[in-house]
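Reading through the structure tokens given below for one structure.
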Amino acid sequence: MKKELIGVYTIWLRDIKRYFRDKPRIVGSLAQPILFLFVLGTGIASSLSTFGGGSGKDFLSFMFPGIVGMTVLFTSFFSAMSIVWDREFGFLREVLVTPISRTSIVVGKLLGGSTIAMIQGSIILLLSPLLKIPITFAIFFKVLVIIFLVAITISAMGIVLASVIKSMQAFQVITNFLLMPMFFLSGALFPLNDTVKWMKVVSRINPLSYGIDAMRTIILNNPDLQLYPLWLDIVVLVSVTVVMSILGAVLFSRQD
Amino acid sequence: MNDINTNNIIEVKNLVKEFKGLRAVDDITFSVKENEIFGFLGPNGAGKTTTINIICTLLSKTSGEVTLCGHNVTRERNKIRNCIGMVFQDPSLDDKLTALENLYFHGLLYNIPRRTLKERSEEVLKIVNLTSRKNNLVMTYSGGMKRRLEIARGLLHYPKILFLDEPTLGLDPQTRNKIWDYIIKLKKNKNITIFLTSHYMEETEICDRIAIIDEGKIIALDTPDNLKNTIGGDIITILSEENVKLKKYIKEITGSDVQDAKDGKIRFEIKDSSIFIPKFIKNSPVKILSISARKPTLNDVFLDLTGREIREENASARDNIRSRMMGRMRH
Ligand SMILES: Nc1ncnc2c1ncn2[C@@H]1O[C@H](COP(=O)(O)OP(=O)(O)OP(=O)(O)O)[C@@H](O)[C@H]1O
Ligand SMILES: [Mg+2]
């Protein structure tokens, strides 16, 4: 048991070390959400007032939790996905002949991916004063818990896909046909309360929409923007997390 | 199973591995004795890596029996993983970590206590001559340095069996010699069994026993000397003005088969070349332009068995193999 915990720790530590060593990646991965927030967000906000909608500031606040969710989505997915090439060419191949179980490798990878996602998410959260969104310590830590759940779910999803699909190109296709729709239909950029029916249906099977709904509820505390009660968000997230993690561990442990 | 010889540390029986219709390993049976250096010699795609991957629990087999230290390869993977060290054919270091960190992570995974781990890391780094670069990122290493570090890592947990898949591919002769010297020393001092594969004929000669493998089958298995003795003496290569006539003449006087060799030469085997050559040159009905005699090598053995040569790999082979792997992934 102790051996397995050390295994989990080792896999986790390696991901964290690599993250902090790769400064360009940190900057790069923060550039996208900041661009979305300050360029796209500000642009849409001002056009909203042009078209006679509510005030721009409301939209930026609305979008803010969505951008945190976006950061978490991409960070954790790509970090889990690295398991594909790592397995063929890299360090992980070596790990696979050590006496550490596949499950520990998966757990270490999930924790590594979610730790990084929590760091990235926190950085975005710390930008909140710029948008005049008040965030207390309590809110910060509650959001962090949600980020953790979302990150594990998405990482596990990445590992499930990586175990099934082993080619790099197929992975790019998935990024386009799964990740982007997941992001667009998560309520990150526009409210899902009164869109067309099919979007609502799809968003209901999208785990990210529960994560973003939970963050929005915690950060803005505005019942009008809330899709589901907070407890439901958490129940759904925890269940999907557990199912995805088990599925990831099982599929990854399958020998080929 | 009661016919297992306790002296055998690896037992492979009727092992078969199929990849979607391709028989990469075709019903091979062999065993490796404790504390010997056992070599797999064979051309590209012979099935060497595939066999090693099955033995070290990375790949499932299609059929057959494999045991290692008495543990079954399908049922007791963890026990097997505990007693093997592995140096892969393809790079498997973390480029973004330093040498010391790579070793540290490896040691953690084998549950080596921290203090011991520190001492051993220094020890193995010294062996492969990387002590002065231990705190540099692996990214900044040359190919040879990376290889040396991988070997150091394979030794870190004092495995009972060390697998070396093409350990010296792409290294300069000096480094290669050093690595082999070290491996021989290791076998003597540490009571370790070594299983290696190679394209370099000279290198496999340090093995106690060699299996020659081609198209998934073992076509010969013996000590290097015995293998070379299967060839009838020395190898004579001749360049002459009229090969056809000469061939007939040689067949008449020696009774041995004459084959065509590279560059329009012919070759055959003869017991005692130092006595044969002077007599032969004097009596030859055809003018001899050049003649050479040499002791047989393992390459000759392979040629004899298959009619082909094992292609000697050059330094870029590792890159070729890498790009092939990449190609394989894109399917
Ligand atoms: N994952 C795989 N999927 C399909 N075919 C494979 C796979 N791995 C190996 N093969 C095939 O099995 C055969 C044996 O390959 P293997 O890598 O064992 O050869 P090798 O003897 O190690 O060759 P080399 O000297 O080039 O390393 C080859 O024909 C190869 O294409
Ligand atoms: Mg090979």
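Quick notes on this structure:
- Cβ-Cβ contacts under 9 Å between residues 6 or more apart (or on different chains), taken from a first residue in region B:41-54 that is more than 6 Å from ligand 1 (Cβ to nearest atom) to a second residue that is basic (Lys, Arg), are listed as B:Leu41/B:Lys48; B:Pro43/B:Arg308; B:Pro43/B:Arg311; B:Thr51/B:Lys17; B:Asn53/B:Lys17; B:Ile54/B:Lys17; B:Ile54/B:Lys61.
- Hey, B:Leu137 in contact (Cβ under 8 Å) with a residue 24 or more places away in the chain, away from ligand 1 (no atom under 16 Å from the Cβ) and either within 25 Å of B:Asn8 (Cα to Cα) or buried (at least 20 other Cβ atoms within 10 Å of the Cβ) (or both) or not: no
- Annotation: of all residues in region B:7-45 being part of a loop (DSSP other than H, G, I, E, B) and away from ligand 2 (no atom under 16 Å from the Cβ), the one that is nearest to the other protein chains (Cβ to nearest Cβ) is B:Lys20.
- When B:Gly170 is tested against the conditions (1) open to solvent by less than 30 Å² (accessible area, probe 1.4 Å); (2) assigned to a loop (DSSP other than H, G, I, E, B), the lone failure is (1).
- Within region A:213-256, the set of residues being within 30 Å of B:Lys17 (Cα to Cα) and of a type in the set (Gly, Ala, Ser) comprises A:Gly248, A:Ala249, A:Ser253.
- Here B:Leu68 meets the list (1) more than 16 Å from ligand 2 (Cβ to nearest atom); (2) surrounded by fewer than 20 Cβ atoms within 10 Å (Cβ to Cβ) almost entirely, failing just condition (2).
- Selected residue [at pLDDT below 85 and under 28 Å from A:Pro229 (Cβ atoms)] from A:Pro181, A:Pro191: A:Pro191
- Of residues in region B:46-64 being open to solvent by less than 30 Å² (accessible area, probe 1.4 Å) and either within 14 Å of the chain's Cα centre (by Cα) or more than 17 Å from B:Arg75 (Cβ to Cβ) (or both), the one nearest to ligand 2 (Cβ to nearest atom): B:Lys48
- Residues being within 15 Å of A:Lys3 (Cα to Cα), more than 7 Å from chain A (Cβ to nearest Cβ) and either assigned to a helix (DSSP H, G or I) or not aliphatic (A, V, I, L, M) (or both) - total across region B:107-116: 3
- Cβ-Cβ under 6 Å pairs, at least 6 apart or on other chains, region B:83-101 side within 7 Å of chain A (Cβ to nearest Cβ), far side of a type in the set (Asp, Glu): B:Phe88/B:Asp165; B:Ser92/A:Glu94
- Among residues of region B:144-170, those that are away from ligand 1 (no atom under 16 Å from the Cβ) and modelled with pLDDT under 85, counted: 1
- For region B:187-209, a residue qualifies if it is open to solvent by less than 20 Å² (accessible area, probe 1.4 Å), within 13 Å of the chain's Cα centre (by Cα) and more than 14 Å from ligand 1 (Cβ to nearest atom), and the qualifying residues are B:Ile194, B:Cys207.
- Residue match in region B:92-114 (condition: within 16 Å of ligand 1 (Cβ to nearest atom) and either of a type in the set (S, T, N, Q) or open to solvent by less than 10 Å² (accessible area, probe 1.4 Å) (or both)): yes
- Residue in region B:11-21 that is surrounded by fewer than 20 Cβ atoms within 10 Å (Cβ to Cβ) and of a type in the set (A, V, I, L, M, F, W, C) present: yes
- Helices (runs of 4 or more DSSP H) contained in region A:138-252 and holding at least 1 residues under 30 Å from A:Ile100 (Cα atoms) and without any contact (Cβ under 8 Å) to a residue 24 or more places away in the chain: A:168-174
The values are calculated or read from the model by the stated rules, or taken from the named source; none is laboratory data. Note that the coordinates shown come from a computational prediction; the quantities given were computed from them, not determined experimentally. Ideal geometry is used to build each Cβ from the backbone, glycine not excepted, and the neighbour counts take in all protein chains shown. Ligands, DNA and RNA are stripped out before the accessible areas are found, and what is left, the full protein with its side chains, is counted by its heavy atoms. Shrake-Rupley method; radii C 1.70, N 1.55, O 1.52, S 1.80 Å.
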